[in-house]
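Note sheet for the following structure.
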Amino acid sequence: MILSAVLPLFAKPNVAALIAFFYFFYFALIGVHIIFIPKILSEIGYDPIQIGIIFASAPLVRFAVPFLFLKGFQLSQKTFFTSLALMGASACGFYLALEFFWPLLMVNIFFGIGIALILPYIEVISLEQIGREKYGRIRLFGSLGFIAVSLLLVRYLTSPYIGIGFLIAMALLTLIFGVLIGVKHNKASSGECGEDEKLCFFSIQDHVPLWIGFFLMQVSFGPFYNFFTIYTTDHGISLDTTVWLWSFGVIAEILMFYFQGPLLRGNLSRLLQFTAYITAFRWLIVALFPDSTLLLFASQSIHAFSFALFHTAAIATLFELYSARRLSQQFFFGISYGLGGFVGAIGAGVLYQYTPEFLFIGGAFAALGAAVAFKKNSRS
């Protein structure tokens, strides 16, 4: 069913097919990084705060990088290729630095710089080439990559360096397809707003509550992205079951990406509010029932709304609000996944080390704050 609807998109000059492959391997890379690397670091002997610091470094860089673009830095084809190379090289660096905190921290920072520039470049191409209603049917290939690598790696993760090998392989495949897209979609000679760069518009100040909502939404994911595997296994859930929990969430995400088109024709602001409220409910389930496999699966089904629908509604909102589309996407990833991811990772590390029972309660409060911010923005 999914393939029969998606394959016609590939008839549209090959860029759509290349983007689908790129999403597959990029999010397979992200899957290895966020599902298995924290567990690997924990088994090697890193404590929760160290893990939190390491995983906060890349998001912090993602927050800082977009500000370079306000100073005239351009996300050109050359910059895109450079970021792909940096991402690939730093992924290889994990192999040498894995057991040493400071070198590993630096490698992760460079990794963060690389990925900070890659996805926004691709997202704008996707929305331009495919449109927001069909975007999900290409983006779901990223979800397929995420679930495929998680189910495969759990079978072969007999040593930390096998996990790092998977990380490197996914990074190199992402690099290859990124280069192919960059070569085919060569528009580096013109600015992102066309011939008249004076028509470019971007200002956070005009929609402050919206950006606060983006930030808080990602803060709420700090406990999930950085400690969900550790949290569930500490409460007696097996690693195999935990991987299936991750995978079930991605299956729900895939279904939402496939069917979300009609929802995106409605009020995007209300969609953002709804996704934030239901995300708060999701984290409450995880907090109150950490040892219930059934309820954890129920909470993972909500990933369809708290990630898939939220993500598409967010980037579609920015695509409509701003003419400086690459820049707005850069700041979205910087403020949400960057600053929000940094604060979420640090906060989750502190909570889990000192008050682990409040880990996902903190996430629920952050999601509620995001809902309030989105509601305020809709009234402004």
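Read-outs throughout are calculated quantities, based only on the coordinates presented, and are distinct from any laboratory measurement. These figures come from a predicted structure and were not determined experimentally. Because the Cβ atoms are built from the backbone with ideal geometry, glycine has one as well, and the counts that use them run over all protein chains shown.
Computed from the C-beta positions of residue 133 and residue 323 and an R0 of 35 Å, the FRET efficiency is 0.95 to the nearest 0.05. Between residue 101 and residue 301, the modelled labels are 4.3 nm apart [label points 7 Å from Cα along Cα→Cβ]. For Cα Rg over 2.2 N^0.38 Å, the value computed from the atomic coordinates appears in the list (i) 1.04; (ii) 1.20; (iii) 0.92 under label (iii).
About the Cα centre of the chain, how large is the charge dipole given +1 on each Lys and Arg Cβ and -1 on each Asp and Glu Cβ? Please answer in debye to the nearest 20.
Details: 21 positive and 17 negative charges, 184 e Å.
That gives the chain a dipole magnitude of about 880 debye.
Can you tell me, using C-alpha contacts under 8 Å and at least 6 residues apart, the relative contact order of the chain as a whole percent? Spell out each step's value before the answer.
Numbers: 592 pairs, mean separation 113.5, N = 380.
With pairs under 8 Å counted, the relative contact order is 30 percent.
What residue among 83, 102, 127 has its Cα farthest toward the positive end of the dipole of the stretch 62-142, where the charges are +1 on Lys, Arg and -1 on Asp, Glu, each on the Cβ? Ranked along the dipole, the leading option is 127.
Across the stretch 82-91, rounded Karplus estimates of 3J(HN,Hα) from the backbone phi angles (6.51 cos²θ - 1.76 cosθ + 1.60, θ = phi - 60°) give 5, 5, 4, 5, 5, 4, x, 5, 5, 4 Hz, Gly and Pro being marked x. When the Gaussian network model of the chain links Cα atoms closer than 10 Å, the mean-square fluctuations of 254, 162, 315 top out at 162. Under 5 Å from the amide H of residue 323 lie the amide H atoms of 201, each residue being 5 or more positions distant or on a separate chain, with H modelled from the backbone and absent for Pro and chain starts. Taking the chain as a Gaussian network of alpha-carbon nodes connected by springs under 10 Å, the highest mean-square fluctuation of the residues 265, 132, 62 belongs to 265. For residue 109, project a label point 7 Å along Cα to C-beta. Then give me every residue of the stretch 43-67 with its amide nitrogen under 18 Å of that point. In the stretch 43-67, the label zone of residue 109 (backbone N under 18 Å from the point 7 Å along Cα→Cβ) covers 50-67. Converting phi to 3J(HN,Hα) with the Karplus coefficients 6.51, -1.76 and 1.60 and the offset θ = phi - 60°, the stretch 279-287 yields 5, 4, 4, 4, 5, 5, 4, 5, 5 Hz in sequence order, with x at every glycine or proline.
Can you give the FRET efficiency to the nearest 0.05 for residue 156 and residue 47, using r as the Cβ-Cβ distance and R₀ = 25 Å? In this case the efficiency is close to 0.40. Toward the positive end of the charge dipole of the chain, with +1 on the Cβ of Lys and Arg and -1 on the Cβ of Asp and Glu, the farthest Cα among 317, 304, 338 is that of 317.
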